[in-house]
Amino acid sequence: MTDTFRAIRVSKAETGQTTEIVNLTTADLMDGDVTVAVDYSTVNYKDGLALTGAAPIIRSFPLIPGIDFAGTVESSTNAGFKAGDRVVLNGYGVGEGHNGGYAQKARVKGDWLVKLPAGISNAHAMAIGTAGYTAMLCVLGLEHGGVTPDKGDILVTGAAGGVGSVAIALLSKLGYRVIASTGRASEADYLKGLGASEIIDRNELSAAGRPLNKERWAGVVDAVGSHTLVNAIAGTRYGGTVTACGLAQGMDLPGSVAPFILRGITLAGIDSVNAPMTKRVQAWSRLAQDLDLKKLDAMTTRVKLADVPALGAEILAGKVRGRIVVDVNA
Ligand code: NDP
C-alpha cells in the first residue's frame with residue numbers, strides 16, 4: 001500500500017482554470033471514513049463542464065475532479081464497509097466540492113458509497129457511471145408512471161450520448177419500442193445495435209413548436225431540455241410520463257401547460273446527485289439485472305487518465321459517443 005498516488009488536479013489561476021496531472025499523498029485527500037483504491041472513473045457531461053470551467057461545477061480549488069469512481073475499499077472506520085469491498089460512487093458533490101474520481105485513491109463518507117452487485121465489475125460500473133445510473137433512474141420514473149411496454153413507444157433524446165445510449169439498451173431489453181432522436185445520422189447503425197427501432201433527426205424537436213402535437217410516444221427519456229423537452233412533452237400520449245434529466249440543448253423550458261391539463265401528462269424530474277440511498281441501491285440492482293453487458297461494451301471506449309482533460313471539451317461539443325471508462329492506473 002503506497003502513500004503516493006497520481007491524480008488530475010484543477011487549480012484556479014488569474015486567467016481561469018489550470019489542469020495538471022500531479023503526484024499527491026493521502027494527506028492531500030479530504031475528510032471521510034472510507035479510503036478507496038480507485039480502479040476506474042469516467043467522463044460525464046458534468047465532468048466536461050467541470051474540466052473546462054464552462055460552468056461553475058467546481059466549488060473548491062484546488063480539486064480532483066471526477067463525479068464518479070469504482071474501486072476497492074482499502075481501509076474503513078465506517079461499520080458498513082471493510083477492506084476488500086467493491087464500491088461505486090456517483091455524485092453527492094464529489095468532483096464538485098470534494099476530491100473526486102480522477103485519482104488512484106479517494107477518501108469519502110461511507111454513506112455516499114454503494115456496494116456493487118456481484119454481476120457488475122468495477123470497469124462495467126464506470127461504463128455505466130452517473131450517465132447510466134441516471135438512465136436507470138429515468139426508466140424507474142417511467143415505470144412509476146405506469147408506462148409499460150404495451151402503452152406505446154418511448155422517445156429517447158440525446159440518443160448517441162451516455163444517458164441516451166444506456167437508456168436505449170435498458171428499454172429495449174425490457175421490451176419497449178424505442179424511438180431515438182439524434183443529431184448524428186451516421187450513428188443510426190450504432191443506435192439500432194443498442195435496440196432502437198426508429199431513428200429521428202433531432203432537428204424535428206429542437207425548434208419552437210406547438211403546445212400539443214400528434215400523440216407519438218407513451219413516455220420520454222430526455223437528456224436535452226429546452227425546446228426538445230417541450231416538443232417531447234407535446235408529442236406524448238394521453239396519461240404518459242416524460243422523465244427530464246438533462247440540459248444538453250439548454251436549461252430553459254419554453255412551453256405550455258396544455259399537455260398537463262388536457263392530456264394528463266406527468267413531467268418527472270430526475271436527479272442523480274442527491275438521490276436517496278434506497279433509490280441508488282434499487283437502480284444499481286436493476287442495472288445488474290436489466291442491462292445487457294454486451295451492449296454496454298459496444299457503447300464503451302477505454303482511455304487513460306492523461307486523456308481525460310481533452311475529453312472534457314469533446315463531450316461538451318457532442319463528439320463523444322456512448323460511454324467512456326477511464327483506467328486511472330494506466
Ligand atoms: P453526453 O454528452 O454523452 O450526451 C448528450 C447528448 O445530447 C449528445 O451526445 C447529443 O446526442 C445531444 N446533444 C448535445 N448537444 C445538443 C444540442 N445542442 N441540442 C440537442 N441535442 C444535443 O452527456 P451525458 O449523457 O453524460 O449527459 C446528458 C445530459 O444529462 C447532460 O445535460 C447532463 O448534464 C445530464 N445529466 C443529468 C443528471 C441528473 O442527475 N439529472 C445525471 C447525468 C447527466 P446526439 O448526438 O445523439 O444528438
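The values are calculated or read from the model by the stated rules, or taken from the named source; none is laboratory data. None of these values were measured; they are calculated from a predicted model. Cβ placement follows ideal geometry from the backbone for every residue including glycine, while neighbour counts extend to all protein chains displayed. For the accessible areas, the whole protein counts, side chains as well, though only heavy atoms, and no ligand, DNA or RNA atoms are used. Shrake-Rupley method; radii C 1.70, N 1.55, O 1.52, S 1.80 Å.
How big is the accessible area of ARG216 in square angstrom, nearest 10, if you roll a 1.4 angstrom probe over the protein chains?
Counting only protein heavy atoms, ARG216 exposes about 80 Å² to solvent.
Taking the Cα atoms only, what angle lies between the long axis of helix 122-144 and the longest principal axis of the chain, rounded to 10 degrees?
The answer is roughly 30 degrees.
If you build the convex hull over the alpha carbons only and average its shadow over all orientations, what do you get for the range 217-330? Give it in nm² to one decimal. It would help to have the intermediate numbers written out before the result.
Working: hull surface 37.2 nm².
That works out to 9.3 nm², a quarter of the Cα hull's surface.
Quick one: 3J(HN,Hα) in Hz for the range 57-62, Karplus 6.51/-1.76/1.60 with θ = phi - 60°, rounded, Gly and Pro as x.
Each residue's phi maps through the Karplus curve to give 6, 7, 10, 8, 10, x Hz.
In terms of the Cα gyration tensor, with a ≥ b ≥ c the square roots of its eigenvalues, is the range 10-146 rounded because a/c is under 1.5, prolate because a/b exceeds b/c, or oblate? Working shown, then result.
Values: a/c = 2.05, a/b = 1.18, b/c = 1.74.
It is oblate, given that a/c is not under 1.5 and a/b is not larger than b/c.
Beyond 22 Å between alpha-carbons counts as too far, so tell me which of LYS46/LYS294; LYS109/LYS304; LYS192/LYS295; LYS192/LYS319; LYS151/LYS214 fall in that bin.
On the way: LYS46/LYS294 26 Å; LYS109/LYS304 26 Å; LYS192/LYS295 11 Å; LYS192/LYS319 19 Å; LYS151/LYS214 16 Å.
Violating the 22 Å limit, Cα to Cα: LYS46/LYS294; LYS109/LYS304.
Please report the accessible area of LEU291 (heavy atoms, 1.4 Å probe, ligands and nucleic acids excluded) in Å², nearest 10.
10
To check you understand DSSP bridge types, tell me what percent of the beta bridges within the chain (both residues inside) are antiparallel, rounded to 5.
Details: 33 of 60 bridges.
Approximately 55 percent, going by the DSSP bridge assignments.
If you roll a 1.4 angstrom probe over the protein chains with everything in place, what fraction of the accessible area of the range 130-269 belongs to carbon and sulfur, to the nearest %? List each step's numbers first, then the result.
Working: 2860 of 5430 Å².
Looking at the range 130-269 in its full context, I get 53 percent from C and S.
Just want the answer: with Cβ charges of +1 for Lys and Arg and -1 for Asp and Glu, which residue in LEU137, VAL220, SER256 is farthest toward the dipole's positive end in the range 130-269?
Selected residue: SER256.
Taking the full set of protein chains and a 1.4 angstrom probe, give the accessible area of TRP284 in square angstrom, rounded to the nearest 10.
Surface open to solvent at TRP284 totals about 0 Å².
Over the range 130-269, give the accessible area per residue in Å² for a 1.4 Å probe, as an integer. Don't jump to the answer; show the numbers that get you there.
Working: 5430 Å² over 140 residues.
Value for the range 130-269: 39 Å² per residue.
Cα centroid distance between the range 80-141 and the range 219-284, in Å?
For the range 80-141 versus the range 219-284, the Cα centre distance is 24 Å.
Give me the percent of DSSP beta bridges within the range 26-100 that run antiparallel, rounded to the nearest 5.
Values: 11 of 12 bridges.
Close to 90 percent.
Provide the packing ranking of 152-163, 316-327, i.e. peptides ordered by the mean count of other C-beta atoms within 10 Å per residue, highest first. Let's see the in-between values first.
Working: 152-163: 28.0, 316-327: 19.5.
Going from most to least packed, we get 152-163, 316-327.
For the range 243-250, just list the computed ³J(HN,Hα) in residue order, Karplus coefficients 6.51, -1.76 and 1.60, θ = phi - 60°, integers in Hz, with x standing in for Gly and Pro.
Listing the rounded values in order: 9, 10, 10, x, 9, 4, 8, x Hz.
Would you work out what percent of the accessible area of the range 286-330, with all protein chains in place, is carbon or sulfur (probe 1.4 Å)? Present the calculation step by step, with values, prior to reporting the outcome.
Details: 1040 of 2100 Å².
So the carbon and sulfur contribution to the accessible surface is 49 percent.
Checking the cross-link filter: which aspartates and glutamates have an alpha carbon closer than 12 Å to that of LYS82, excluding same-chain neighbours under 8 positions apart?
Cα-Cα hits under 12 Å: ASP33, GLU74.
Using a 1.4 Å probe and counting only protein heavy atoms, arrange SER285, SER272 so the residue with the most accessible area comes first.
Values: SER285 60, SER272 15 Å².
Largest to smallest exposure gives the sequence SER285, SER272.
Rounded, prolate or oblate, given the Cα gyration tensor of the chain, with a/c below 1.5 counting as rounded? Please list the in-between numbers first.
Details: a/c = 1.99, a/b = 1.67, b/c = 1.20.
Prolate is the answer for the chain, as a/c is 1.5 or above and a/b outweighs b/c.
With all protein chains present and a 1.4 Å probe, how do ARG177, ARG202 order by accessible area, largest first?
Accessible-area ranking of ARG177, ARG202, largest first: ARG202, ARG177.
Cα gyration tensor of the range 142-282, axes a ≥ b ≥ c as square roots of the eigenvalues: rounded (a/c below 1.5), prolate (a/b > b/c) or oblate? Mind dumping the intermediate values first?
Values: a/c = 1.28, a/b = 1.07, b/c = 1.20.
Verdict is rounded for the range 142-282.
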